[in-house]
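Heads up, the thing below is written out as structure tokens.
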Amino acid sequence: MAMCTLPPKVAKSSAWVIGEAMIGQPDGQTNGQAKLSTNRQHDGIKPSDQPRRKLSSRKKFLFSALILVAFFAILEGGLYLLGIQLVVVTQDPFVGFESSLRLFVEHAGVQDQTTLITAEAKRAYFNEQKFLQQKPKGTYRIFCIGGSTVYGRPYDDTTSFPGWWRELLPVADPTCNWEVINTGGVSYASYRVAALMEELVEYQPDLFVIYSGHNEFLEERTYREIKDLSPALRRVSSLLSRTRTHSLVRSIMKPFEWKPGRHQMSGEVNALLDHTVGPSDYHRNDHLRQKILKHFQLNLVRMIEIAQRAGAEVLLVVPASNVKDSAPFKSQHRDGLSAEQQAQWLHLFDRGKLLQATSKYDEALKAYQQAEEIDDRFAELHYQKGRLLLAMRRLTEARTTLDRALVEDICPLRAAPKIQEMVRQTSVTLSIPMVDAEELLKSECLRRYGHHSPGREYFLDHVHPTVETNQLLAKTIVERLIDAGRVEQHSSWNQGAIEKVAERIEAKIDTEGQAVALRNLAKVLNWSGKHEEGGLLALQAVDLRSRCQLAEDPEAYVLAAAHLKVLGDIDTAIDYYQRALQHRPNYVEAHRLLGAAMVERGRFEEAKGHFQNVARLIPDDAHAHHMVGAVLAELDHYQEAIPHYQRAHRLTPNDAHIHYNMAYALEQLGNTEGAIRWYQTTLQLNPKDTEAQRNLERLNSGKLSPVSRPTSGN
């Protein structure tokens, strides 16, 4: 989140080894062996006539293995007694790669029937689900598989499309005992879904519903090292990762780990982001992209073959995504672009955005087209142009251009049109029933909103549907199965019955959990650099808490306030920051951002108090000390500002802005010599600081006062 911009005199800115035991001595004898040979020689037995007793290589190996196993058994026991915990429960990167790590485990059942339940180690990735190991007579068992959309993110199974489907099927056909099991795994790509199906086919499935395609590129980066291991080595590594010795070594080495480009966040979302790389780790690689797309198609066919070998049917779902209101995660210029071309491109792009903002659509389009002639691979350009074309009601062009933005996204966390087409082709080629969620939402969007580029009306973020969209998808799947003859439509299937299902589901919704989920999703989007989209979700979280009279959430307030400030609603932003501090008085980020907002409003005395709180809570925060000094300077308390500048300078001695503000304060106190020295060091650190250059020249010429206050920015 950006800091404030102060008026005059304000800071411009500041971010194992196991030794092998040797058993026996093959090239010599022990002392005992030598003595025995000597004695026998006196008895008339030649040494060469006495066979030497020697352990076979197999026995040596077994003996060594026993020692090693005993050593680790003792070590594991000792670590258990010391309280060393396994980290596999929430930090198991092999989940979904190894069949030894099963999704479902036996659970105490009733009437001598074994129940299966989601393993605890998997619940950071899967909803908790229960079902009888032996399928009851008359039951039609369905597994819904895929990624976080199937899971129901950002919420849970209750409002997922499998959750809705579970409630709708008995209404459509009450003659069957329908059993819908949600096995959507957060961040699961197709090859892990296929591996999971090898387990699920053991549970007497009748139907698999496959919704996959969004996570193919995420997984390639996140788990590449594991994927590249041979199956045998991966299995050994997986087993080792489930030991306390591994946990101990990992905890010891954790401070020394280097994780470039990885981001850590507070709260509930940590477990989900520990194995996620950020957009900065992605770079254009067209060859890799083609390999990943081909791998997806192979995995799709593999999943169908796994299901059919088990006698189960398959229903494919074409994945859908937010194209209108979800900007690309990362854009990158084409290779070979010169500095001059890049500067020209940027000028045209910025001009296009400015003209678009002022509704000068024809001129904006011309600027975008000129930029596209220089570089047509920058994803953000296509996104902005697509939204412009949508505003101009050139709907077909708009959708084509928005799809191009998705294709050019360097961090492609949405199923590209090529993936969607692969699902459709597989359905036709292998005669597999299909529900095209992408076309469904395009048609629905055209009917309701007059265009076919779905956005936040149907999605909470880039891919996760709203509760209403999940309901629509579930209802469409029921109707598709009716058309295919898999479901016998009953007279109870009508709009009134569907509305009653909606009431039941709504009654089960945990609104507190939904508010937390919205806030966490806002944090994830901010983490990925999508501040506008994150801010909108934070506002939804605040509104939900207000409407449902839930306890206020300081984090949601801060996230929403930052968004409001960008929109120019500083007064409401200040109110939200203050509410956050009412519930969490030592909330550092709220103090920092509220101080910045107070500066923009010219309320320097209040701003000073908030920056002083930041400095109190984080004594080594150079920016806080700098801002205290800068606000004191705005109040003409230059002498009081000096110690704060000095503290900030000791903490960050190479910050040119601190040097500049120190020089200005000294000048106002009449210390010309000191001011000259600090202006000089400002220019050494930042030779392009024209204000420092101008002030230095003036002081050297004998003018003791600046003509006007310098203008500084963050």
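The values are calculated or read from the model by the stated rules, or taken from the named source; none is laboratory data. Bear in mind that the values here come from a model prediction, so they are computed numbers and not experimental data. Note that each Cβ is placed from the backbone with ideal geometry, even for glycine, and that neighbours are counted across all protein chains shown. Side chains included, ligands, DNA and RNA excluded: accessible areas come from the protein's heavy atoms. Shrake-Rupley method; radii C 1.70, N 1.55, O 1.52, S 1.80 Å.
Selection of segment 359-370 for residues being among the small types (Gly, Ala, Ser) and part of a helix (DSSP H, G or I) yields 364, 367. If you check 482, 432, 477 for being farther than 20 Å from residue 405 by Cβ and not in a helix (DSSP H, G or I), only one passes: 432. Residues of segment 328-346 that are crowded, with 18+ Cβ neighbours inside 10 Å and modelled with pLDDT of 95 or more: 328, 331, 332, 345.
What are the residues in segment 327-358 that are farther than 12 Å from residue 375 by Cβ, in a loop (DSSP other than H, G, I, E, B) and in contact with a helix residue (DSSP H, G or I) (Cβ under 8 Å, 6 or more places away or on another chain), if any?
327, 328, 329, 330, listed by residue number.
Considering only residues in segment 578-588 that are of a type outside the set (A, V, I, L, M) and in contact with an Asp or Glu (Cβ under 9 Å, 6 or more places away or on another chain), the one that is surrounded by the most Cβ atoms within 10 Å (Cβ to Cβ) turns out to be 587. Just checking, does segment 534-542 include any residue being part of a helix (DSSP H, G or I) and either farther than 30 Å from residue 163 by Cβ or in contact with a Cys (Cβ under 7 Å, 6 or more places away or on another chain) (or both)? Within segment 534-542, not a single residue is part of a helix (DSSP H, G or I) and either farther than 30 Å from residue 163 by Cβ or in contact with a Cys (Cβ under 7 Å, 6 or more places away or on another chain) (or both). Among residues of segment 61-76 that are among the aromatic types (Phe, Trp, Tyr), those with a beta-carbon under 9 Å from a residue that is in a helix (DSSP H, G or I) at least six positions away or on a different chain give the pairs 72/245.
Scan segment 580-602 for residues that are out of contact with any Leu (no Cβ under 9 Å at 6 or more places or on another chain) and hydroxyl-bearing (Ser, Thr, Tyr) and the total you get is 0. Every listed requirement among (1) among the hydroxyl-bearing types (Ser, Thr, Tyr); (2) over 25 Å from residue 279 (Cα atoms); (3) touching a helix residue (DSSP H, G or I) at 6+ places or on another chain (Cβ under 9 Å) is met by residue 546 save one, (3).
Of these, 463, 467, 428, 423, which one is more than 30 Å from the chain's Cα centre (by Cα) and either open to solvent by less than 20 Å² (accessible area, probe 1.4 Å) or of a type in the set (A, V, I, L, M) (or both)? Checking each option against the conditions leaves just 428. On the stretch given as segment 655-714, residues that are of a type in the set (Lys, Arg), more than 17 Å from residue 645 (Cβ to Cβ) and modelled with pLDDT of 90 or more total 3.
Residues of segment 646-680 that are open to solvent by 40 Å² or more (accessible area, probe 1.4 Å) and closer than 28 Å to residue 619 by Cα: 646, 647, 649, 650, 651, 652, 653, 654, 668, 669, 677, 678. Among the residues of segment 603-619, those that are open to solvent by 30 Å² or more (accessible area, probe 1.4 Å) and in contact with a helix residue (DSSP H, G or I) (Cβ under 7 Å, 6 or more places away or on another chain) comprise 604, 606, 608, 610, 612, 613, 617, 618.
Residue-wise test of (1) touching an Asp or Glu at 6+ places or on another chain (Cβ under 6 Å); (2) closer than 30 Å to residue 496 by Cβ; (3) not in a helix (DSSP H, G or I).
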site: 140; (1), (2), (3): yes, yes, yes
site: 145; (1), (2), (3): no, no, yes
site: 150; (1), (2), (3): no, yes, no
site: 164; (1), (2), (3): no, yes, no
site: 167; (1), (2), (3): no, yes, no
site: 170; (1), (2), (3): no, yes, no
site: 183; (1), (2), (3): no, no, yes
site: 188; (1), (2), (3): no, no, yes
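Can you tell me which residue in segment 479-503 is nearest to the chain's Cα centre (by Cα), limited to those that are among the aliphatic types (A, V, I, L, M) and surrounded by fewer than 21 Cβ atoms within 10 Å (Cβ to Cβ)? Among them, the one singled out is 502. Assessment of segment 123-131 against the conditions (under 23 Å from residue 486 (Cα atoms), open to solvent by less than 50 Å² (accessible area, probe 1.4 Å), part of a loop (DSSP other than H, G, I, E, B) and among the small types (Gly, Ala, Ser)) yields no matching residue.
Of all residues in segment 174-228, those being at pLDDT 95 or above, of a type in the set (S, T, N, Q) and surrounded by 24 or more Cβ atoms within 10 Å (Cβ to Cβ) number 3.
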